[in-house]
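Input: a single structure, listed below in structure tokens.
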Amino acid sequence: MISIKQAYQMIDQTIQISGFVHEFRNLGKIKFIILRDWTGTIQVVTKEDITVNREDHLTVIGTVVKSNIAKSGIEIKAEKIIINSRVKKKLPVDPTGIVPSDFDVRLKYRFLDLRRPEIANIFKIKSDVINTYRNFLLNRGFIEIHPSLILGAASEGGAEVFKVEYFERHAYLAQSPQLYKQMAVIGGLEKVFITMPIYRAEKHNTIYHLNEAISLDVEMVINDYKDVMNLLAEVVKEMIQKVNYEVDKINIYSYEEIVNLLKEHGVNIEIGDDFSKEHEKKIYEILEQDLYFIEGFPTRIRAFYTMPKDDMYSKSFDLFFKGLEIASGAQRIHDVDLLENAIIERGLNIHDFEFYLEAFKYGVPPHGGFGMGLERFLMQLLGLNNIREAMLFPRDRTRLIP
Ligand code: ATP
Ligand code: MG
């Protein structure tokens, strides 16, 4: 298949291209069709006795010629036009975007919404970004693994897990690949990454949360949790630069220093509290930086497997992009007794974690990693006003179809 973009380079050649009817003008003897594929639009002229409608799909055989009338200076003189498919109903979404549609309607007719180049671009960039992530890690000796997303027990406890029927039993959809990526590293796969969905049964409907999202995970053998932060900083810089944005130095702040800063600015927060989305916004307003780490969160507000630093704080961090958390990471506990205590302290059921604890009894390297939400990242990168814009067919509290 020759794309419309390629056709522009093929002057005087006879070619075959396909696309949707973007516009149709009938001047009687002569007709103009603006044909569109995902690489662009081109004018087609024909003398055939033909009537087409917007979004009909055509194949055109013709010669690429220079033209004074075509806006681009080039058009196709059609020799043959084949109508592959006709539009059968009134278009519920305007594919040119000139007539705006409700977001709900756009998502219902996502296949039409996608015909707008700026919407298609989100998914082209998403593909670029995930492959940048992948290549960056492959070049540094990581391997991609694919742990199962159907689990016998909720990975981190908590209510926000989807329960599914599994033959005669129940299973759970993975909220994160956490325990399994750790077991891969304990198994001797020293540097692993994952690009798979996570499922969260969060009931709230926010512009930052999906019930199914793509998580970009890393788990690796480390000396220090700063090793993970350095890697995350580098890979995120590369993902941002891929779309031609400049990245400044990524500063690191401690949790304690940020809480004190918020207090100085009159925010109602105490040491020990987790940051709400409002806090995250306020921090961005105060710091006026696009990318920064906050590290050393209180152990109590992090997942049970997080390595403590001292009695109060942990070897954990979050990465913020334009004022929104995009990634969380930490060094993990590798001592089995400490890990067991952490599970019990949080009131989790120790029996759910027996398979996991078992892995810590046969030699464990110090290790750590992170999880980054691909759609969160994309939302901030492209300035989208709702995370659903970054998911082809988003799943939320009310949306299961299409
Ligand atoms: P938040 O507090 O922002 O809701 P979290 O701290 O619960 O997120 P983590 O468990 O730390 O999320 O997950 C790691 C990353 O995965 C987050 O930083 C975020 O980018 C992404 N993520 C988590 N939950 C969701 C979700 N429901 N929808 C989209 N992305 C998510
Ligand atoms: Mg987090």
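Modelled this way, with points 7 Å down the Cα-to-C-beta line, the labels at D102 and L189 are 4.5 nm from one another. Under a straight-distance cross-link criterion of Cα-Cα below 27 Å, which lysines are reachable from K108, leaving out those fewer than 8 residues away in the same chain? Cross-link targets: K88, K89, K90, K124, K126, K163, K203.
Seen from a random direction on average, the alpha-carbon convex hull of region 114-194 projects onto 8.1 square nanometres. Can you list the GluC sites (Glu not before Pro) in region 140-211 that are in a DSSP coil and have 11 or fewer other beta carbons within 10 angstrom? Of the GluC sites (Glu not before Pro), the ones in loops of region 140-211 whose Cβ has at most 11 other Cβ atoms within 10 Å are E168.
Using only Cα atoms, figure out Rg for region 1-76 and give it as a multiple of 2.2 N^0.38 Å.
Numbers: Rg = 11.3 Å, N = 76, 2.2 N^0.38 = 11.4 Å.
Relative to the 2.2 N^0.38 Å estimate, region 1-76 comes out at 0.99.
When shorter helices are ignored and each DSSP H run of at least 4 residues is given -39500 (n - 2.57), the per-residue value for the chain at 222 nm works out to -8000 deg cm²/dmol. Packing-based ranking of 245-253, 219-227, 131-139 yields 219-227, 131-139, 245-253, ordered from highest to lowest mean Cβ neighbour count within 10 Å.
Extents of region 52-187, largest first, come to 67, 40, 28 Å (Cα atoms, principal axes, whole angstrom).
Answer with one residue from I207, A174, G187: the one whose Cα lies farthest towards the positive end of the charge dipole of region 74-219, charges on Cβ with Lys, Arg +1 and Asp, Glu -1. Positive-end residue among those listed: I207. Applied to region 305-317, the Karplus parametrisation 6.51 cos²θ - 1.76 cosθ + 1.60 on θ = phi - 60° returns per-residue 3J(HN,Hα) values of 7, 6, 6, x, 9, 8, 5, 10, 9, 10, 8, 10, 7 Hz, with x for Gly and Pro.
Where the centroid of each part is defined by its Cα atoms, how far is region 299-329 from region 139-187 in Å? Taking the Cα centre of each part, region 299-329 and region 139-187 sit 20 Å apart. Based on alpha carbons, the Rg and Dmax found for region 207-272 are 16.2, 41 Å. Here the gap between H351 and Y8, fully extended at 0.36 nm per residue and compared with their Cα-Cα distance, gives a gain of 117.0 nm. Between Q16 and R110, the simple spin-label model (points 7 angstrom out along Cα→Cβ) gives 3.2 nm.
Amide H contacts of I326: L319, F320, F321, each under 5 Å away and 5 or more positions distant or on a separate chain (H built 1.01 Å from N in the peptide plane; Pro and chain starts excluded). Taking only protein heavy atoms and a 1.4 Å probe, the accessible area of the chain is 50% carbon and sulfur. Short version: ³J(HN,Hα) in whole Hz for each residue of region 379-388, in order, from phi by Karplus 6.51 cos²θ - 1.76 cosθ + 1.60 (θ = phi - 60°), x for Gly and Pro, what are they? Result, rounded to whole Hz: 4, 6, 4, 9, x, 6, 8, 8, 4, 4.
Centre-to-centre separation between the Cα atoms of region 241-285 and those of region 15-53: 53 Å. Qualifying GluC sites (Glu not before Pro) in region 252-284, where qualification requires a DSSP coil assignment and no more than 16 other C-beta atoms within 10 Å, comprise E270. Note on region 231-306: Rg/Rh from C-alpha atoms, Kirkwood Rh, equals 1.02.
Maximal additional length on extending the I301-N244 stretch stands at 16.9 nm, based on 0.36 nm per residue less the C-alpha distance. With distances taken between every two different alpha-carbon atoms, region 161-274 has a Kirkwood hydrodynamic radius of 17.9 Å.
For N268 and N230, what does the FRET efficiency come to when R0 = 25 Å and r is the distance between their Cβ atoms, rounded to the nearest 0.05?
For R0 = 25 Å, the calculated efficiency reads 0.15.
Over the chain, all Cα pairs binned in 10 Å intervals from 0 give whole-percent P(r) values of 4, 19, 25, 21, 14, 10, 6, 2, 0, listed from short to long. The orientation-averaged shadow of the Cα convex hull for region 268-380, equal to a quarter of the hull surface, comes to 8.3 nm².
Taking Cα atoms, how many degrees apart are the long axis of helix 225-241 and the longest axis of the chain, rounded to 10 and kept between 0 and 90? For 225-241 against the chain, the angle is about 10 degrees.
Karplus-based coupling profile of region 179-184, in residue order and whole Hz: 5, 7, 5, 5, 5, 5, with θ = phi - 60° in 6.51 cos²θ - 1.76 cosθ + 1.60 and x standing for Gly or Pro. Once the Cα-Cα distance is subtracted from the 0.36 nm per residue extended length, the N139 to M312 segment shows a gain of 58.6 nm. Placing pseudo-labels 7 Å out from each Cα toward the beta carbon at K77 and E23 gives an inter-label distance of 2.3 nm. Bridge orientation summary for region 1-92: considering DSSP beta bridges with both residues in this region, about 90 percent are antiparallel.
Database remark: amide H of S67 closer than 5 angstrom to the amide H of I74, E75 (H placed geometrically; neighbours at sequence offset of 5 or more, or on other chains; Pro and chain starts carry no H). If I model region 150-209 as equal point scatterers sitting on the Cα atoms and use the Debye formula, what is log10 I(q)/I(0) at q = 0.18, 0.21, 0.29 Å⁻¹? Debye intensities relative to I(0), on a log10 scale: -0.73, -0.89, -1.17.
The values are calculated or read from the model by the stated rules, or taken from the named source; none is laboratory data. Since the model is a prediction, treat every value here as computed from it, not as a measurement. Don't worry about glycine lacking a Cβ; one is built from the backbone with ideal geometry, like all the others, and counts go over all protein chains shown. Note: areas computed on protein heavy atoms with side chains; ligands, DNA, RNA excluded. Shrake-Rupley method; radii C 1.70, N 1.55, O 1.52, S 1.80 Å.
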